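Here is the structure we will look at, set down as structure tokens.
The values are calculated or read from the model by the stated rules, or taken from the named source; none is laboratory data. Because the structure is predicted, anything quoted here is derived from the model rather than measured. Because the Cβ atoms are built from the backbone with ideal geometry, glycine has one as well, and the counts that use them run over all protein chains shown. Note: accessible area is taken over every heavy atom of the protein model, side chains too, but ligands, DNA and RNA are not part of it. Shrake-Rupley method; radii C 1.70, N 1.55, O 1.52, S 1.80 Å.
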Amino acid sequence: MLNIKFTERSTTRFSSINWDKLGFGKYFADYMFVAKYNNGEWNEGEIIPYGPYEIEPSMMTLHYGQTIFEGLKAYNNFSGGANLFRPIMNARRLNRSAKTLVIPDFPEDKFVQVVKELTYYNREFIPKKKGESLYFRPVLYGSSNILGVQPSDEYTLIVFCSPVASYYEEGLNPVKIKVEENHARTVRGGLGSAKTAANYAASLLAAKEAKQQGFAQVLWLDGVDLSNIDEVGAMNILFVIDGNIITPTLESGTILNGVTRDSVLKIAEWLGISTKEKTISINEIIESLENGTMTEAFGAGTAATISPVGSFYYKNKEFVLNNNQIGEVSQKMYDTLLGMQYGEIKDEFGWIEHISF
Ligand code: COI
């Protein structure tokens, strides 16, 4: 299984981790993978100790943001080893983002191999508790040192890992979401469907304002006339209306094609819950909140897993869902998804890549 060049470290970072308070993305595991693209090709790359990485001030990504990233997790398998969840989906999405940002593709099978080998070398850093996991952060950026605005000639891919708990402090408790009425994350024809720094930079001011007002996150509307639902930024959004799941379509090109979103839609169909991907106006959402046909809403994302929405705030009004409790469908999705990821229930879809050790 192991064929990537590996350099062992002399000391481990293990004891610097507060395992009772992992939070999200605060601690980093012993090993990372680094590969370089130069003269039109990727080198083999290597697994080396995690640590500071030197760059020059002129490195173009610092200035012009030609960078993309991914997020995926290794889960402790309760009967031994670890489980990766659909890593090929992340490999493919990385390359779709790459196209948008004029970045060269990284071979998809190699991506999956890197994640598998890092899982093995960082196996002590996979948390044992359900709801916690080892989060992988692949980041691929233009690393030429030049100040002209143009695609980089050289690229660097780094994949590093962080033992994490829930993304939101609320965990599985419902979150308060503010419908964003002033700022826009992206527009049609923009970068919205790519996992790239600019989309997250565009979200910071709105998120700061929302946090100050007591909200966990904002719900983005389209950047043209703020009339249709996009996503929550750290997760896709799904609504349960009249017992069916509806979620914004990917066709607008303004939302991320989430692996968890896709998995939830497939699990729902398998459970006999009908699903629809479509353009959803905020008016339709408010109407269904007012007339009670919307019974639940939840976010879905790798970091956030399934995050039930307790209330939406829009035009100075709060709309509480399901008495601020997790709903039946959200709970079922959480149980099924995490059950598969932690090896507690059968993976009916062939999504799990098991790593033995
Ligand atoms: C993920 O769910 O993996 C994300 O990348 C979301 C966020 C932490 C930026």
Highest GNM mean-square fluctuation among ILE17, ILE103, ILE158, for the chain with Cα springs under 10 Å, belongs to ILE17
With every protein chain in place, the chain: carbon and sulfur % of accessible area (1.4 Å): 48
Name the GluC sites (Glu not before Pro) in the range 1-97 that are in a loop by DSSP and that have at most 15 other C-beta atoms within 10 Å, would you? GLU8, GLU44, GLU54
Can you list the HN-Hα couplings for the range 261-277, worked out from phi with the Karplus curve (6.51, -1.76, 1.60; θ = phi - 60°), rounded to whole Hz and with x for Gly and Pro? 4, 4, 5, 4, 4, 6, 5, 4, 4, 5, 7, x, 9, 7, 10, 9, 9
Amide H contacts under 5 Å for THR279, restricted to residues at least 5 apart in sequence or on another chain and with H modeled in the peptide plane, are THR249
Calculated from DSSP H runs of 4 or more alone, at -39500 (n - 2.57) each and per residue, what is the 222 nm mean residue ellipticity of the chain, nearest 500? -7000 deg cm²/dmol
Listed residue (ASN173, SER58, LEU2) projecting farthest to the positive dipole end of the chain, Cβ model: LEU2
Acute angle (nearest 10 degrees) that the helix 328-341 long axis makes with the longest principal axis of the chain, alpha-carbon atoms: 20
Cα pair distances in the range 175-341, grouped into 10 Å bins until the bin that holds the longest one, percent each: 11, 43, 37, 9, 0
Per 0.36 nm of contour for each residue apart, how much would the distance between LYS36 and GLU290 grow if the chain were fully extended, relative to their Cα-Cα spacing? 86.1 nm
Report the semi-axes of the equivalent ellipsoid for the chain in whole Å, largest first, where each axis is √(5λ) for an eigenvalue λ of the Cα gyration tensor. 33, 25, 18
Residue farthest toward the positive end of the dipole of the chain, with Cβ of Lys/Arg at +1 and Asp/Glu at -1: which of PRO87, PRO127, THR260? PRO127
Simple SL model, points at 7 angstrom along Cα→Cβ for ASN145 and HIS63; separation in nm is 1.3
The rounded separation in angstrom of the Cα centers of the range 69-98 and the range 1-27 is 18
If you filter the range 96-171 for trypsin sites (Lys or Arg not before Pro), then keep DSSP loop positions with at most 12 other Cβ within 10 Å, what is left? LYS128, LYS129
GLU231 long-range amide H proximity, modeled H, under 5 Å: TRP220
Sum of side-chain charges, PRO127 neighbourhood, beta-carbon under 15 Å (Lys, Arg +1; Asp, Glu -1): +4
What Kirkwood hydrodynamic radius, in Å, does the range 5-164 give when the mean of 1/r is taken over all pairs of distinct Cα atoms and then inverted? 16.4
Students often forget the sequence filter, so: which aspartates and glutamates lie under 17 Å Cα-Cα from LYS315 once same-chain residues fewer than 8 apart are removed? GLU180, GLU181, GLU209, ASP222, ASP225, GLU284, GLU287, GLU290
Separation in nanometres of the label points that stand 7 Å from Cα toward Cβ, at GLU170 and THR275: 2.2
Would you tally the net charge around VAL187, using a Cβ to Cβ cut-off of less than 12 Å, leaving VAL187 out, and scoring K and R as +1, D and E as -1? -1
Once the piece of chain linking ASN3 and GLU54 is laid out straight, how much longer is it, given 0.36 nm per residue of separation minus the C-alpha distance between them? 15.8 nm
